[in-house]
Amino acid sequence: MFVRTQLLPQAPGRPMTVRVHTPIGSAVVLWRGDPRGAEGRHLVEWTVDEDLHWGRNTRPASHAAAELRQAGDRVVVRGLLRLTEDGAACLQMSHWALLFDLASPVPSSAEGSWVEIRVGSERVALYPYRT
């Protein structure tokens, strides 16, 4: 997915963060590319280092529209939930998707429905393919 990243003030000794801007919203996430190239337009891969846990960080969405936003120290993503045959989940957000491992069973009624997932900003990272 092509995104625009904005360099943020960095805290010493902390992983590098950027504000990522997408067609469906923006949030603060970790940057896993060259720090000198962090600002700009990039083709990226998203990773989320947190499992989907129904009822804790995942719930039915109140709106049927893809979204990315910041809520305090959490990144909120909204999309269509698909369960995979190998026991994982795929959140389809517009024309891109995020993969999640499952920490708890997901109700069968959630398959194909709009859900909202909240994870810590420090658990979401961008890896650039090219700049």
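Rule-based calculations on the coordinates, nothing more; no lab input. Values in this document were obtained by computation on a predicted structure and should not be read as measured data. Here Cβ is always computed from backbone atoms with ideal geometry, including for glycine, and neighbour counts include all displayed protein chains.
Relative to the current alpha-carbon distance between SER94 and ARG41, full extension at 0.36 nm per residue lengthens the span by 17.2 nm. Counting charges near TRP46 (Lys, Arg +1; Asp, Glu -1) among other residues having Cβ under 12 Å from its Cβ returns a value of 0.
Note on the range 57-96: Cα-only Rg and Dmax are 11.1, 34 Å.
The average projected area of the range 16-131, computed from the convex hull of its Cα atoms over all directions, is 7.1 nm². On the beta carbon distance between LEU83 and ARG4, with R0 = 35 Å, the FRET formula returns roughly 0.65.
The length gained on full extension between ARG14 and SER113, counted as 0.36 nm times the residue separation minus their Cα-Cα distance, comes to 32.0 nm. Between the residues PRO12, TYR129, VAL119, the greatest Cα displacement towards the positive end of the dipole of the chain, with unit charges on the Cβ of Lys, Arg, Asp and Glu, is found for PRO12. Evaluated with a Cβ-only charge set (Lys, Arg +1; Asp, Glu -1), the chain carries a dipole of roughly 520 debye about its Cα centre, given to the nearest 20.
The slack in the chain from VAL28 to ASP101, taken as 0.36 nm per residue of separation less the alpha-carbon distance, amounts to 24.1 nm.
Considering every alpha-carbon pair of the range 25-78, the percent of pairs per 10 Å bin, from zero through the bin containing the longest distance, is 17, 48, 26, 8.
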